[in-house]
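K.L.:
First the structure, then my questions, so here it is.
The values are calculated or read from the model by the stated rules, or taken from the named source; none is laboratory data. As the structure is a computational prediction, the values presented were derived from the model and not from experiment. Neighbour counts run over all protein chains shown; Cβ positions are idealised from the backbone, glycine included.
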Amino acid sequence: MKHPYAAALTATLLASCALLTGCSENGNPVDFDAGAKGDGGTPVKPVDSDTRMPTGPKSDFRITRTLDDGTHIGRATLNGPKSGVTGSVWVWAPKEYQDPKYAKSGFPVLIALPGGLGSPQDKNGVTNYWVGGDIKLQENLAKLTAEGKSLPFIVVMPMLNPDTRYHDGSDIPGQQKMGTWLTEDVVDLTKANFRTFKSRDGWAFMGSSSGGFAGFKSVLKSPEKFKAAIASGPDIVPDSPMWAGHQKEKDANNPEKLAAQLLKKGGPDVYIAFQAGSKESPTAVVNPIHKFREKYGKGPIHTSFQLIPGGRHNAWDYQKGMAAGSLKFISDHLKAPVPGS
């Protein structure tokens, strides 16, 4: 089940991005971690053993949007060495990331995935609509962090599909390895450029519709690497037409089967915050979430469900659910940056 709402966003978001091209900073390089080394290039000692300082090499991030608080969204082209996939990755670091008291600490990472094929398009035609100024994900996260409802996440926004087909965030045989791209190459780029955590306590996904599926599937498939996800209006099972003839591989990317395996193993614990709007289809969206929670939401699989009053299948309404409790649900189980002395 793939929903068309993302396509409806394209015109307004592209217009928003077009307006931003006049900003003087756009296109300029941005080094999010210029202070990762001390005087004379001496490596900085982390505040704790779980903090990983940027490993390098640095990516060529270019500013695509500047928020009112002075923070930037930057875009880099990633030539994935493990997946062979090439595409855009946008990243935003909150203002806390530049606070001197956190200069030696890792930050939690939220990998944000779009629904549909995403929007707006970059110059290469690949997409992630969480970047756009109309949706204001980053502004909302900054506000929720100030209110104590969210950790100060580094937000990483990779492309989800390299073409006009749905890849289910997976390595479908004969297709580009989008599962490897999302869970290895994008993660490695983040580690190379930012102060992060070594443990899974600092890694989570957030996504809507097909991006919600890819995010919570990735947590269930690699619970040793990722601990939590917000899944808004997600598909519950893989359904790309490209799985035809590859049932074994499809099963290996099916959240229901992955959840059954995790229950059998008894861990590690994962935390999935499901969301849906009250105006979404009960048959297509709400009921499958309830059925999944009833069957698999036990033992090491911890779930919550946020029903958004009046909510529809779109990014703006899903953020209302995040503000109402979903972000706090995952934040309570992830690691905050540790202030230094």
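For (1) farther than 18 Å from I63 by Cα; (2) part of a helix (DSSP H, G or I); (3) at pLDDT 95 or above, each residue gets a yes or a no:
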site: G148; (1), (2), (3): yes, no, yes
site: R165; (1), (2), (3): yes, no, no
site: Q175; (1), (2), (3): yes, no, yes
site: T183; (1), (2), (3): yes, yes, yes
site: V186; (1), (2), (3): yes, yes, yes
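K.L.:
Now a separate question. Output the residues belonging to region 255-270 that are part of a helix (DSSP H, G or I) and over 13 Å from S218 (Cα atoms).
P.N.:
Within region 255-270, A260, Q261, L263, K264, K265 meet the criteria.
K.L.:
Separate question: Quick one: in region 227-249, of everything that is free of Cβ contacts under 8 Å to residues at least 60 places away in the same chain and closer than 18 Å to F292 by Cβ, which residue is surrounded by the fewest Cβ atoms within 10 Å (Cβ to Cβ)?
P.N.:
V237
K.L.:
So which of D122, D168, D99 is surrounded by fewer than 24 Cβ atoms within 10 Å (Cβ to Cβ) and either in contact (Cβ under 8 Å) with a residue 40 or more places away in the chain or in contact with a Leu (Cβ under 9 Å, 6 or more places away or on another chain) (or both)?
P.N.:
D122
K.L.:
Another one. Tally time: how many residues in region 216-254 are closer than 25 Å to L110 by Cβ, in a helix (DSSP H, G or I) and in contact with a Pro (Cβ under 8 Å, 6 or more places away or on another chain)?
P.N.:
3
K.L.:
Further, regarding this structure: State which residue pairs qualify: first residue closer than 17 Å to G321 by Cα and in a helix (DSSP H, G or I) and inside region 276-294, second residue at pLDDT 95 or above and acidic (D, E) in any location, beta carbons under 7 Å apart, and separation of 6 or more residues or different chains.
P.N.:
V286/E280
K.L.:
What number of residues within region 130-165 are within 18 Å of T86 (Cα to Cα) and free of Cβ contacts under 8 Å to residues at least 24 places away in the same chain?
P.N.:
Looking only at that region, the number is 1.
For every residue, the table says whether it meets (1) at positive phi; (2) assigned to a strand (DSSP E or B); (3) crowded, with 19+ Cβ neighbours inside 10 Å; (4) touching a Ser or Thr at 6+ places or on another chain (Cβ under 7 Å).
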position: T64; (1), (2), (3), (4): no, yes, yes, no
position: T77; (1), (2), (3), (4): no, yes, no, yes
position: L110; (1), (2), (3), (4): no, yes, yes, no
position: G115; (1), (2), (3), (4): no, no, yes, yes
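K.L.:
Provide a single number: the residues in region 81-109 that are closer than 23 Å to E184 by Cβ and of a type in the set (S, T, Y).
P.N.:
Qualifying residue count, region 81-109: 3.
K.L.:
Quick one: would you say K104 is charged (D, E, K, R), touching a Lys or Arg at 6+ places or on another chain (Cβ under 8 Å) and at pLDDT 95 or above?
P.N.:
It is true that K104 is charged (D, E, K, R), touching a Lys or Arg at 6+ places or on another chain (Cβ under 8 Å) and at pLDDT 95 or above.
K.L.:
Determine, yes or no, whether E224 is closer than 21 Å to R52 by Cβ and either acidic (D, E) or surrounded by fewer than 24 Cβ atoms within 10 Å (Cβ to Cβ) (or both). Write out each step before concluding.
P.N.:
Values: closer than 21 Å to R52 by Cβ: yes; either acidic (D, E) or surrounded by fewer than 24 Cβ atoms within 10 Å (Cβ to Cβ) (or both): yes.
Against the criterion (closer than 21 Å to R52 by Cβ and either acidic (D, E) or surrounded by fewer than 24 Cβ atoms within 10 Å (Cβ to Cβ) (or both)), E224 qualifies.
K.L.:
Sticking with this structure for a sec: For residues that are over 22 Å from F226 (Cβ atoms) and of a type in the set (K, R), scanning just region 268-319, find the one that is surrounded by the most Cβ atoms within 10 Å (Cβ to Cβ).
P.N.:
R312
K.L.:
Going through region 301-333 one residue at a time, which ones are in a loop (DSSP other than H, G, I, E, B) and in contact with a helix residue (DSSP H, G or I) (Cβ under 6 Å, 6 or more places away or on another chain)? I'd like the intermediate steps shown before the answer.
P.N.:
First, the residues of region 301-333 that are in a loop (DSSP other than H, G, I, E, B): 309-314, 332-333.
Once the filter is applied, which keeps residues that are in a loop (DSSP other than H, G, I, E, B) and in contact with a helix residue (DSSP H, G or I) (Cβ under 6 Å, 6 or more places away or on another chain), region 301-333 yields G311, H313, N314.
K.L.:
Now a separate question. If I filter region 178-201 down to residues being of a type in the set (G, A, S) and more than 17 Å from L334 (Cα to Cα), which single residue comes out as surrounded by the most Cβ atoms within 10 Å (Cβ to Cβ)?
P.N.:
If we filter region 178-201 for residues that are of a type in the set (G, A, S), which is where we start, we get 179, 192, 199.
Keeping just the survivors that are more than 17 Å from L334 (Cα to Cα) gives 179, 192.
Details: G179: 23, A192: 15.
My answer is G179.
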